[in-house]
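Have a look at the structure below, then the notes.
The values are calculated or read from the model by the stated rules, or taken from the named source; none is laboratory data. Bear in mind the structure is a predicted one, so any value in this text is a computation, not a measurement. Don't worry about glycine lacking a Cβ; one is built from the backbone with ideal geometry, like all the others, and counts go over all protein chains shown. Just so you know, the surface numbers come from the protein's heavy atoms only, side chains and all, with ligands and any DNA or RNA stripped out. Shrake-Rupley method; radii C 1.70, N 1.55, O 1.52, S 1.80 Å.
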Amino acid sequence: MAPPSKPIAVEPPRVQPRPPWADVLASIEDGVIVLDRSGTLVELNPAAEQLTGVPASQAIGADVGHLFRASAWISELARGTLAEGAARRRSEGRLSSRRGDVPVSAACAPVFAPDAGAMGAVLVLRDLTLQQTLEATTRRADRLAALGTVASGLAHEIRNPLGGIKGAAQLLRGALEDPELLHCADIIIREVERLDGLVEQLRELATPPRLQLEAVNIHRVLNDVLVLQRQAPAWGSAVLRTAFDPSLPDVQGDRAQLTQVFLNLVKNAIEALDGGGELTVSTRIETRFHIRRGSGRGRFLSVLIEDSGPGIPDDHQTQLFSPFFSTKPRGSGLGLAVCHRIVNEHGGAIAYEARPGGGSCFRVTLPVREEATR
């Protein structure tokens, strides 16, 4: 009987060592794409994967023209750099990808090898979504401030006679016995109180209360708002779905004013559902963009309030945050304007987004506490 053969030692597969610059590339918040001299992709970082919507495993080895076939201006920028050996840049353009159109700036610079000329190029793409949203928010806030100054004067002039009307109606009500006339007096008093509330909102646009800043857990705010709104008759049989990121850090904010923002948005969504449909509230850390703060990076979180209602017509969407514009028959048109003002004061942004499949989506983006970003 032959002796058993000795097992053959099998060497483990060799793992290709990561280049020393790989970790640096991965930590850069802008999209970075490395090309060889023929325009073939040899490396891209996670930010570039997210911007293009294409994973590195599929992108590496592809031609730059193929990756950006729907955004030809980017591949032309890269090809021009490779052909001329000179840097090129463009301040803004649209990047069409699987995640939709994204505003980006692009810069491309040649990479030279010692005594060998240009050996490729590095293409850098910066997502301008948040920058543009914040700029639009600031412009809108400036318009609101100007309008608020006028509204403050009007509010003072309106509130004085309103007090007289309400007082007279209350005295008149005390002297009446006819049920129909009592009902009329009640209508006067109720409508005066409604106008007084409208005047108060106008005053807040001009002289907003000072923020009482503290660490705020946004999930607690949202849960309080949802518990309150579920008791309202308008909720009906609406289905609530939540998708909260449990790792979400706190924001530095005014709890009462942030509650006002989300109470208004959830209330609007419930009214749009008209007693049925689906309300979805979700939170997440924004990975699409950061802002620089000193030596570090400031992060943002987003809260999405979505409903499966009829949605908002295209021609109304640009006016949603304008004072006195409302899609509701008896709306004051100040709710979203006040929400915009509060979010802007927190250094964030609020925007309406069309919801795939119909309905509405409001996205509130807020900066997280600086301590949480360190």
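Let's see how each residue does on (1) in a helix (DSSP H, G or I); (2) within 30 Å of GLY298 (Cβ to Cβ):
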position: LEU181; (1), (2): yes, no
position: GLN212; (1), (2): no, yes
position: LEU222; (1), (2): yes, yes
position: THR242; (1), (2): no, yes
position: VAL261; (1), (2): yes, yes
position: ALA272; (1), (2): yes, no
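What tally of residues in the stretch 344-367 results from selecting those that are open to solvent by 40 Å² or more (accessible area, probe 1.4 Å) and part of a loop (DSSP other than H, G, I, E, B)? Walk me through it before giving the result.
Narrowing the stretch 344-367 to residues open to solvent by 40 Å² or more (accessible area, probe 1.4 Å): 344-345, 353-357.
After this cut, where a residue has to be part of a loop (DSSP other than H, G, I, E, B) as well, the list is 355-357.
So the count comes out to 3.
When the stretch 100-116 is examined, which residues are found to be open to solvent by 90 Å² or more (accessible area, probe 1.4 Å) and within 18 Å of ALA47 (Cα to Cα)?
Here is the first cut: in the stretch 100-116, the residues open to solvent by 90 Å² or more (accessible area, probe 1.4 Å) are 101, 112, 114-115.
Residue satisfying the conditions is ASP101 alone.
Going by the conditions given, is LEU128 at pLDDT below 85 and either open to solvent by less than 30 Å² (accessible area, probe 1.4 Å) or under 24 Å from LEU51 (Cβ atoms) (or both)?
Details: at pLDDT below 85: yes; either open to solvent by less than 30 Å² (accessible area, probe 1.4 Å) or under 24 Å from LEU51 (Cβ atoms) (or both): yes.
For LEU128, the condition - at pLDDT below 85 and either open to solvent by less than 30 Å² (accessible area, probe 1.4 Å) or under 24 Å from LEU51 (Cβ atoms) (or both) - is met.
Among the residues of the stretch 78-88, is there at least one that is in a strand (DSSP E or B) and under 33 Å from the mean Cα position of the chain (by Cα)?
Here is the first cut: in the stretch 78-88, the ones in a strand (DSSP E or B) are 88.
After this cut, where a residue has to be under 33 Å from the mean Cα position of the chain (by Cα) as well, the list is 88.
Within the stretch 78-88, one or more residues are in a strand (DSSP E or B) and under 33 Å from the mean Cα position of the chain (by Cα).
Could you tell me whether any residue of the stretch 47-57 is assigned to a loop (DSSP other than H, G, I, E, B) and either of a type in the set (D, E, K, R) or in contact with an Asp or Glu (Cβ under 8 Å, 6 or more places away or on another chain) (or both)? Steps first, please.
So in the stretch 47-57, the residues assigned to a loop (DSSP other than H, G, I, E, B) come out as 53-55.
Cutting the leftovers down to either of a type in the set (D, E, K, R) or in contact with an Asp or Glu (Cβ under 8 Å, 6 or more places away or on another chain) (or both) gives us 55.
The answer is yes, given that some residue of the stretch 47-57 is assigned to a loop (DSSP other than H, G, I, E, B) and either of a type in the set (D, E, K, R) or in contact with an Asp or Glu (Cβ under 8 Å, 6 or more places away or on another chain) (or both).
Conditions: (1) more than 20 Å from SER91 (Cα to Cα); (2) at pLDDT 85 or above; (3) in a loop (DSSP other than H, G, I, E, B). ILE8 meets all but one. Number of the miss?
(2)
Could you check the stretch 270-287 and list, in sequence order, the residues that are more than 12 Å from ASP245 (Cβ to Cβ), buried (at least 17 other Cβ atoms within 10 Å of the Cβ) and not aliphatic (A, V, I, L, M)?
GLY277, THR280
For residues that are of a type in the set (D, E, K, R) and open to solvent by less than 80 Å² (accessible area, probe 1.4 Å), tally how many sit in the stretch 166-180. Spell out how you get there, then give the answer.
Pass one, the stretch 166-180, residues of a type in the set (D, E, K, R): 166, 173, 177-178, 180.
Now narrow it down to the ones that are open to solvent by less than 80 Å² (accessible area, probe 1.4 Å): 166, 178.
Looking only at that region, the number is 2.
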